[in-house]
1. Send over the semi-axes of segment 135-218's equivalent ellipsoid, whole angstrom and largest first, taken as the square roots of 5 times the C-alpha gyration tensor eigenvalues.
2. For segment 38-268, place one equal point scatterer on every Cα, skip the solvent, and apply the Debye formula. What is log10 of I(q)/I(0) at q = 0.13, 0.15, 0.18 Å⁻¹?
3. What does the charge count near Asn197 come to, summing +1 for each Lys or Arg and -1 for each Asp or Glu among other residues with Cβ under 14 Å from its Cβ?
4. Counting other beta carbons within 10 Å of each Cβ, put Thr343, Thr161, Thr223 in order, fewest first.
5. Cross-chain or 8 or more residues apart, Cα under 17 Å: how many lysine pairs in segment 82-180 fit that? Count them up, please.
6. Segment 180-270: which GluC sites (Glu not before Pro) are DSSP loop and have at most 10 other beta-carbon atoms within 10 angstrom?
7. Could you order peptides 146-155, 241-250 by the average number of other Cβ atoms within 10 Å of their residues, highest first?
8. Cut-off is 10 Å between beta-carbons; in what order do Tyr338, Tyr415 appear when sorted fewest neighbours first?
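Bear in mind that the values in this text are calculations on the coordinates, not laboratory data. Keep in mind that this is a model prediction, so the values were computed, not measured. Cβ placement follows ideal geometry from the backbone for every residue including glycine, while neighbour counts extend to all protein chains displayed.
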Amino acid sequence: MKKPICEKLDQLNKNGSYPFHMPGHKRNYQNLFQNNNIFEMDITEITGYDDLHQPEGIIRESMDFVKEFYGTKESYFLINSSTAGNLAAISALCQIGDKILVARNCHKSVYHGIELLNLDPVYVYPEVDLDGICKGITAKQVENVIKEEKNIRAAIIVSPTYEGRVSEIEQISKMLHENHIPLIVDEAHGAHFIYHNEFPKSAVCLGADLVIQSLHKTLPSLTQTGLLHLCSDCISKEKMQKKLSIFQSSSPSYILMASIDSCIHDCMENQKGFQQYVENIYVLREQLERLQHFRLVETDDIGKIVISTRGTNITGQELFEILRDVYGLELEMAEIFYVTAMTSLCDTKEGFQKLGQALMELDRKAEFRNISKVFNGFFKNKKVMNPEEAGRKQKRFVNLDRAIDMIGADFVYLYPPGIPLIVPGEVISKDAILQIESYEKNHMKVVGCSNHKINIIDERI
């Protein structure tokens, strides 16, 4: 009998493609399972092996090591990754109906937390550069919002972004605390920051109250692994543990927990490896600075290689496909005018060289064209109801051109990265529809849109 998933996965390392995408182990890191049958390690909470939801033994010991290494009040293991961390953090700080300040470029899991608790989101909008890439949130932007909005219970910001831009976390944190507002930082893409000073400082060190990290994105750990750091006394350790127990499996994988344990120890002990990694990045970046048609985009995290195609005869999606199909390089994501390659400690020097050579070769073949208009800011769609209320309304599936000025019923977003273009309860703007159509034209995956149709609430404003 055919096993489609197994057979497809079995082809991964046979087709010779190189992964410039997550997970950070890049399929070549074998320390944890080198001499083990993975099924021999797959257990439940048997005697002597502790309990993730009430850690007192080996899991407690491992968590204590992580806590001491990061200098936190407590550090919790995530086996449902940053999604569970975001949901638990929001749930721990907010009550049903509270107002929460949200960076508009947050991941969809943040919006799911908002919907679950019927929270009232107040948005801070990041500036967007000419390539359509979000910049970091500034303290001034946050200050402007809290001057206008009262009774904000908590704030959540994503830093770094999918493309490696960081926000002014230290200044934002200080300003929010002066107004008695705790700060959650979704640092899913920044788990590697602490291991080398060429990376930005982690939010753990910059005054944030809760910091969520995905180990699997940029470090040698299995998919679904992460950490939630409690960095202040904003809530009790017990409350945070309880909320995590709600959003994590009651049968946590010991294989995933062993992966977390191994990852932290191995990274801490591998400073030489991180130094070589950083040197390899700089060699690649120096080469890509010489691109004539494409352009290496400036990022705060040097590990994110973002290449702009704006002003050329090729789109980001087309560059993504050529790198995959012709050069055997699978990147993390494509936008209309750029691509993102994710790197990690586990990338090889040969992999970096292959990427650099491919981009330089394609750059020589590229041509300049008139610069196309790009999305230059988040659509400030008018919010007429909260996402939870919108989710309970009657829906209707309509063509995109009939959805303008109607109320969105579903999340609509490009995936990856999973940042909503439309949030349920928002009035759908013409600009949002044009952006969705642009994605469709470029054969890009838009979740929440099917056959040029989206769901709207079956009532007018």
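1. On the way: eigenvalues 110, 28, 24 Å².
Square roots of five times the eigenvalues give 23, 12, 11 Å.
2. Computed log10 I(q)/I(0) values: -0.72, -0.96, -1.35.
3. On the way: positive: Lys201; negative: Glu198, Glu279, Asp300, Asp301.
Charge balance near Asn197 sits at -3.
4. Details: Thr343 25, Thr161 29, Thr223 15.
By the 10 Å Cβ count, ascending: Thr223, Thr343, Thr161.
5. Working: Lys99/Lys147; Lys99/Lys150; Lys140/Lys150; Lys140/Lys174; Lys147/Lys174.
Lysine pairs meeting the criterion: 5.
6. Numbers: sites: Glu187, Glu198, Glu238, Glu269; in loops: Glu187, Glu198, Glu269.
Those that pass, being in a loop and sparsely packed, are Glu269.
7. On the way: 146-155: 15.2, 241-250: 17.1.
Answer by packing, highest mean first, reads 241-250, 146-155.
8. On the way: Tyr338 25, Tyr415 13.
Fewest-to-most ranking of Tyr338, Tyr415: Tyr415, Tyr338.
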